[in-house]
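Trainee: Here it is, the structure in full.
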Amino acid sequence: MIRLPLNGKWTQTNTSDKFGSIARSKNINLDKEGYLKLSPRMVNLFDSSGDVANSSDSDFGIPVAFGKFTTGEMYIATTDEPFDLDFSETTKTIAEDSSSNNPNLNSQSHGVWWQNRFYESTDTAVSYNTSGTWTASAITGLTSGKRHAMAVFKNKNSLAVGDGNTVKLYDTTHALTVTLTLPSDFEVIGLAYNNYQLGIITRLGGDSAGQNTEAYFFTWNGASTEATTGVGMGSYTAHSITSYKSSFVVLDASGRLLYFNGGGFDKMAQF
């Protein structure tokens, strides 16, 4: 569908071929000057179904995190089991990690590379792999049924782990050093580090009835037990977060790509 200018008229100079302007379109792309192209197909921003197309193993769930192991080899945390990705000029293989003490992952799991190890969170704990050997439950006591997103707090060389309405910071010996506590109506679902602070995305939790109608985005300095800033998302949840420039970019449930400007959000795109 193409919509003509609001007055419904084309502009004509009588000196060349007819030309005009388009107010908006649902199925064409005008990003490249001088070209009229078909827009790319729409994609689903979130799909909870499994995907075994990349592996013959039925335990290959949705990939949630990747981490480099050696040159040509990576760890993959999925929503079911950990996998090894081995690739070179001649081979590309994905195989389930069936070694001793490998963690039993689920839809709440996450993974991150830290201390030359790949850490993966399970339902109530965090395990890590060093040179192919797993150390089970290096971090314990996490809340069952909550997503345990992780991020490295780089200037503190610490591991941040989401746990319900809290973010827990662990030092290199896996000792808990400080806990950020958010209001109980928010559940932490994603973390990212940038510019000496942690960006935290949430969804409305089980205690939110009658209190809030939107999830919040928080930042944290890693020292206080309270968040540094908190900004409403205008949506019941966010989907993902990543560091960008000196701040963060968040994708929310309504398909908006939002850049945090320090006091609010600037919309970068609408999917």
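Trainee: Could you list, in sequence order, the residues of region 184-209 that are out of contact with any Phe, Trp or Tyr (no Cβ under 8 Å at 6 or more places or on another chain), open to solvent by 10 Å² or more (accessible area, probe 1.4 Å), assigned to a loop (DSSP other than H, G, I, E, B) and under 21 Å from Ser144 (Cα atoms)?
Mentor: Those that are out of contact with any Phe, Trp or Tyr (no Cβ under 8 Å at 6 or more places or on another chain), open to solvent by 10 Å² or more (accessible area, probe 1.4 Å), assigned to a loop (DSSP other than H, G, I, E, B) and under 21 Å from Ser144 (Cα atoms): Ser184, Gly206, Asp207.
Trainee: Can you tell me which residues in region 77-106 are in contact (Cβ under 8 Å) with a residue 40 or more places away in the chain and either in a loop (DSSP other than H, G, I, E, B) or exposed (fewer than 13 other Cβ atoms within 10 Å of the Cβ) (or both)?
Mentor: Leu105
Trainee: Out of Ser21, Ser55, I need the residue that is in a loop (DSSP other than H, G, I, E, B), at pLDDT below 75, polar (S, T, N, Q) and under 31 Å from the mean Cα position of the chain (by Cα). Which one?
Mentor: Exactly one residue qualifies, and that residue is Ser55.
Trainee: Of all residues in region 138-177, count the ones that are surrounded by fewer than 17 Cβ atoms within 10 Å (Cβ to Cβ) and either in contact with a helix residue (DSSP H, G or I) (Cβ under 6 Å, 6 or more places away or on another chain) or in a strand (DSSP E or B) (or both).
Mentor: So the answer is 3.
Trainee: A further question on this structure: What number of residues within region 214-233 are open to solvent by 30 Å² or more (accessible area, probe 1.4 Å), over 15 Å from Asp185 (Cα atoms) and small (Gly, Ala, Ser)?
Mentor: Qualifying residue count, region 214-233: 2.
Trainee: Sticking with this structure for a sec: Out of Gly50, Gly61, report the one residue that is under 25 Å from Leu251 (Cβ atoms), open to solvent by less than 60 Å² (accessible area, probe 1.4 Å) and at pLDDT below 85.
Mentor: Just a single option satisfies the conditions, and that option is Gly61.
The values are calculated or read from the model by the stated rules, or taken from the named source; none is laboratory data. Here the structure is a predicted model, which is why all the values come from computation and not from measurement. Every residue, glycine as well, gets a Cβ built from its backbone with ideal geometry; the counts of neighbours run over all protein chains shown. Accessible surface areas use protein heavy atoms only, side chains included; no ligands, DNA or RNA. Shrake-Rupley method; radii C 1.70, N 1.55, O 1.52, S 1.80 Å.
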